[in-house]
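The values are calculated or read from the model by the stated rules, or taken from the named source; none is laboratory data. Please read these numbers as outputs of a predicted model, since none were measured by experiment. Every residue, glycine as well, gets a Cβ built from its backbone with ideal geometry; the counts of neighbours run over all protein chains shown. To get the accessible areas, we keep the full protein, side chains included, count just its heavy atoms, and leave off ligands, DNA and RNA. Shrake-Rupley method; radii C 1.70, N 1.55, O 1.52, S 1.80 Å.
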Amino acid sequence: MASLGAVPIAKVTGRLIKVTGLMLEAVGCRLLTGQRCLVETGSGEKIEAQTVGFHHDVAYLMPIRPASGLFSGARVWPIEGESQLKISDQWLGRVVNGLGEPIDGLGAFHGGETICLQGQSVNPMSRQPIREPLDVGVRAINSMLTVGKGQRMGLFAGSGVGKSVLLGMITRQTEADIVVVGLIGERGREVKEFIDHALGPEGLSRAIVIASPADESPLMRLRASQLCHRVAEHYRDQGKDVLLLMDSLTRFAMAQREIGLALGEPPATKGYPPSVFSMLPQLVERAGNSANPTGSMSAIYTVLTEGDDQQDPIADSARAILDGHIVLSRQLAESGHYPAIDVAQSISRTMPLVVSKEQVQDVMQFKQCYSRYQEVKELIPLGGYQPGNDPLMDTAVRVYPNLMDFLQQSQEEASSLDDSTQQLKTLIEEVNNG
């Protein structure tokens, strides 16, 4: 009887019956949605897959890594328990993939605290309110679009308008204990370039970079997105101020679109199935403050507006669930204006909670001058504008060059929160004094 404890218990295995594109179909074993499993290949290796759906007794699996060597009748082993990983301060300054494995060639991690990939949702009644501003080191954002600790902002931009450069500036200059950078679905070349040029050694020293390039499976891109949030949640719950930068939320939606369409979901808007619009708020709501009064988790998500269309379904959905949005203008970028932030289309919904009423009034006056100039901008070269008829318009035309100089900033320059506020105040005083 004593020897019975050493007898291995038989494990139920399934078998592979069909492979269609990225989707695998298996029968013969009980698999829960979201459960991981191992699939046998012709070479004897085992690849990890995840259950993404089922139909009757057929389970739909999707491999986490690119799969080859699969064959009909291959065995499928279910993996019990949730996805777990070990995290420690060894992660700082390192680059990992969606599985938490280092890909920078600097060696493996040893030890650490075991955490579950699926974090706990935060009760909305227990969240700490946003009370303090977050210094991101960019003058236009600090003064005109002040970010609060625990806020979730969207960075809306098309391709080639300085999105990655602005992210690098924010990463290097933000006053946060930990910076988590998620590079989701980007070109593999851009991962190395972002780390070497946009991030730099200074930014990388207190950052954790989680990269999942475009050539990886959609499931890996989803896992990398979830891992970004889980790592940021881990440090937030330890009482640290965390900044999460995810580039991009659109690639996350595209990854879920691939999975949804492969499962047979009907395309709803621009080819996106309904599951995409339910997963976006589930992911974004993991950011923000928790019940811990000392920690914070601020997040900036980039949203790719294809063709500079601000009414893109993902952009429109993200605008509704985020706490503000920063719009980068291609027209400003083409004119050499960097960062190409269009303050007229951008807004921070939590700014009135973290700045003084005087600063809010200064911002409103700045935007009034800015918008009035835009009304007459095209008439000035044609001689259609005659000064003296509208004093506010005359003021806007006179101070517009100063407004544009205020909004521009070089990559190496850092503008603190106090300096940005004081410069805005000085500028508005000059406007009022003529």
Nearest-ten-degree value, helix 391-407 long axis tilted from longest Cα axis of the chain: 50 degrees
Accessible-area ranking of Ile428, Ile79, largest first, probe 1.4 Å: Ile79, Ile428
Sum of side-chain charges, Leu353 neighbourhood, beta-carbon under 12 Å (Lys, Arg +1; Asp, Glu -1): +2
Potential extension, Asn432-Glu202 segment - 0.36 nm per residue separation minus Cα distance: 78.8 nm
Base-10 log of normalised Debye intensity for region 207-309 (one unit scatterer per alpha-carbon) at q = 0.19, 0.23, 0.24 Å⁻¹: -0.96, -1.22, -1.28
In nm, spacing of pseudo-spin labels at Leu38 and Glu193 (7 Å Cα→C-beta vector): 4.0 nm
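Please give the length that would be gained between Lys367 and Asp89 if that part of the chain were fully extended, namely 0.36 nm times their separation in residues minus their C-alpha to C-alpha distance (nm, one decimal). All intermediate terms of the calculation are to be shown ahead of the outcome.
Numbers: separation 278, 0.36 × 278 = 100.08 nm, distance 4.33 nm.
Full extension from Lys367 to Asp89 adds 95.7 nm.
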For region 14-69 and region 341-370, distance of Cα centres in Å: 52 Å
Region 234-261-region 72-146 distance, computed between alpha-carbon centres (Å): 9 Å
Sum of -39500 (n - 2.57) over DSSP H runs of 4+, divided by residues of the chain (222 nm, nearest 500): -10000 deg cm²/dmol
1.4 Å probe accessible area per residue over region 320-434, in Å²: 56 Å²
Built amide H within the under 5 Å cut-off of Ile79, gap 5+: Arg36, Cys37, Leu38
Against the rule of thumb 2.2 N^0.38 Å, how large the Cα Rg of region 79-121 comes out: 1.24
3J(HN,Hα) from dihedral phi, region 411-424, Karplus parametrisation 6.51/-1.76/1.60, rounded to Hz, x for glycine, proline: 5, 7, 7, 10, 10, 5, 4, 5, 5, 5, 5, 5, 5, 5
Modelled label reach - Glu80, point 7 Å along Cα→Cβ, region 32-53 residues with backbone N closer than 16 Å: 32, 35-38
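Provide Val397, Val431 ordered by accessible surface of protein heavy atoms (probe 1.4 Å), highest first.
Val397, Val431
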Ranked order, Trp91, Trp77 - accessible area, probe 1.4 Å, largest first: Trp77, Trp91
Probe 1.4 Å - accessible area at Lys425, Å² to nearest ten: 100 Å²
Residue (of Ser335, Ser371, His325) at the positive-pole extreme of region 306-401, dipole from beta-carbon charges: Ser371
Charge sum, other residues only, whose C-beta stays under 11 Å from Ser83's C-beta, Lys/Arg counted +1 and Asp/Glu -1: +1
Principal semi-axes in Å for region 96-153 [√(5λ), Cα gyration tensor, largest first]: 32, 21, 9
Normalised alpha carbon radius of gyration of region 375-422 [divisor 2.2 N^0.38 Å]: 1.58
Inverse mean reciprocal Cα-Cα distance (Kirkwood Rh) of region 169-213, Å: 10.6 Å
Helix 163-173 axis, angle to the chain major axis (alpha carbon atoms, nearest 10°): 90 degrees
Partner lysines for Lys46 [C-alpha distance under 25 Å; skip if fewer than 8 residues away on the same chain]: Lys11, Lys18, Lys86
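How big, in percent, is the set of alpha carbon pairs in region 1-158 lying more than 21 Å apart?
67 percent
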Set of lysines near Lys357 by C-alpha distance (under 21 Å), chain-local residues within fewer than 8 positions excluded: Lys149, Lys367, Lys425
Efficiency of FRET from Cβ geometry, Gln386 and Leu261, R₀ 41 Å, rounded to 0.05: 0.10
Around Asn433: net Lys/Arg minus Asp/Glu count, Cβ-Cβ under 13 Å: 0
Region 58-147 - Rg and Dmax from Cα coordinates, angstrom: 20.8, 62
Region 341-434 - Debye-derived log10 I(q)/I(0), Cα point model, q = 0.24 Å⁻¹: -1.39
Tilt relative to the chain, helix 218-237 - C-alpha long axis, 0 to 90 degrees, to 10: 70 degrees
Whole-Hz couplings from phi, Karplus 6.51/-1.76/1.60, listed for region 367-374; x for Gly and Pro: 5, 5, 5, 4, 5, 5, 5, 4
Exposure rule at most 11 other beta-carbon atoms within 10 Å, DSSP loop GluC sites (Glu not before Pro): the chain longest free segment: 83-377
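Per the Cauchy relation, a quarter of the hull surface: what is the mean projected area of the convex hull of the alpha carbons in the chain, in nm²?
26.2 nm²
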